[in-house]
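Here's the structure, in structure tokens; my notes come after.
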Amino acid sequence: MKRLITAYTSFNRTERMGIVALLVIILILIITKATMHMWVHPDVNDAEQKALLAKWEAHQKTATPTGNATYASANNYKNSTPAIVPKLFAFDPNTVTEQQLQELGLQPKTISIFLNWRSKGKHFYKKEDFKPLYTLSEAEYERLAPFISIKVQRLNLNTADSASLVALPGIGAKLAHKILEYKKEIGSYNSIEQLRDVYHFPDSTFKMLKERLTVN
């Protein structure tokens, strides 16, 4: 308080009068706001207010049944829309179409992921290759597994090039080169078993590929 008094007395007479006037104005505004409800009374027409209220209530009564009827109509339409009943049939994941996937009962998101997966070069060699499909549940796979029928297209070792060999699982560029070099040495493959003679050819890879290769 002492500091305030000191600061106040440091102003000249005109400045002090200005401060006092500003404080008085602020005080008047505060008192006016606090007591306004006591002396300000807006004109209210009770008859007009009652008439407006009656119109609003009448509008509510007429609008509600219409709204209910519309809602019921929408529900009836929704309930009358036939649901898609999944059908089960033999399919090859390498050639199955989007429509067929829908008929099998797969969800749109799963179908989209599957088609994108296949467009990036995914090839299915056995039904288990279908199982890791993202968003495909275990129950869905078990339901579809008996109907997965994959046509095995055997690759001819004597006509295969490096690119087609590398596309096989377990075959990299280095191993594909060894297969082709060994073919040059022997002239041509007479049996799939001859792959075992390729230098450092993995036995696990041979077991995986023997059903997918031919020498005809």
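Just so it is clear, none of the values below were taken in a lab; they were calculated from the coordinates. Model, not experiment: these values are computed from the prediction. Positions of Cβ are generated from backbone atoms using ideal geometry, with glycine treated the same way; all protein chains shown enter the neighbour counts.
3J(HN,Hα) along the stretch 89-96: 7, 5, 8, 9, x, 6, 10, 4 Hz, from the Karplus curve 6.51 cos²θ - 1.76 cosθ + 1.60 with θ = phi - 60°, whole Hz, x for Gly and Pro.
Using a/c under 1.5 as the rounded threshold, could you call the stretch 96-216 rounded, prolate or oblate? The axes a ≥ b ≥ c are square roots of the C-alpha gyration tensor eigenvalues, and prolate needs a/b larger than b/c, oblate otherwise. Since a/c reaches 1.5 and a/b is larger than b/c, the shape of the stretch 96-216 is classed as prolate.
Which chymotrypsin sites (Phe, Trp or Tyr not before Pro) in the stretch 110-216 pass both tests, a DSSP loop state and at most 13 other beta-carbon atoms within 10 Å?
Tyr134, Tyr199
Taking a straight Cα-Cα cut-off under 20 Å and skipping sequence neighbours fewer than 8 places away in the same chain, the lysines within cross-link reach of Lys183 are Lys174, Lys207, Lys210.
At 0.36 nm per residue, minus the direct Cα-Cα distance, what do Glu57 and Lys207 gain on full extension? Give it in nm, one decimal, please.
Numbers: separation 150, 0.36 × 150 = 54.00 nm, distance 8.22 nm.
Here the answer is 45.8 nm.
As an equivalent ellipsoid, the stretch 98-147 spans semi-axes of 15, 14, 10 angstrom, where each value is the square root of five times an eigenvalue of the C-alpha gyration tensor, largest first. Normalised by the number of residues in the stretch 135-205, the mean separation of alpha-carbon contacts (under 8 Å, six or more apart) gives a relative contact order of 25 percent. So which aspartates and glutamates pass the test for Lys109, namely a Cα distance under 12 Å, with those fewer than 8 places away in the same chain ruled out? The reachable aspartates and glutamates, counting only those whose Cα sits under 12 Å from Lys109, are Glu98.
Close amide-amide hydrogen proximity is noted between Leu213 and Leu155, each under 5 Å apart and 5 or more residues distant or on a separate chain (H modeled in the peptide plane; Pro and chain starts excluded).
How much length is gained on full extension from Met17 to Thr35, taking 0.36 nm per residue of separation minus their Cα-Cα distance? Can you show the working numbers first?
Working: separation 18, 0.36 × 18 = 6.48 nm, distance 2.72 nm.
Between Met17 and Thr35, full extension yields 3.8 nm more.
Remark: Arg212, Arg196, Arg13 ranked as Arg13, Arg196, Arg212, counting other beta-carbon atoms within 10 Å and listing the fewest first. Loop-located GluC sites (Glu not before Pro) in the stretch 120-216 (DSSP state not H, G, I, E or B) with no more than 13 neighbouring Cβ atoms inside 10 Å: Glu211.
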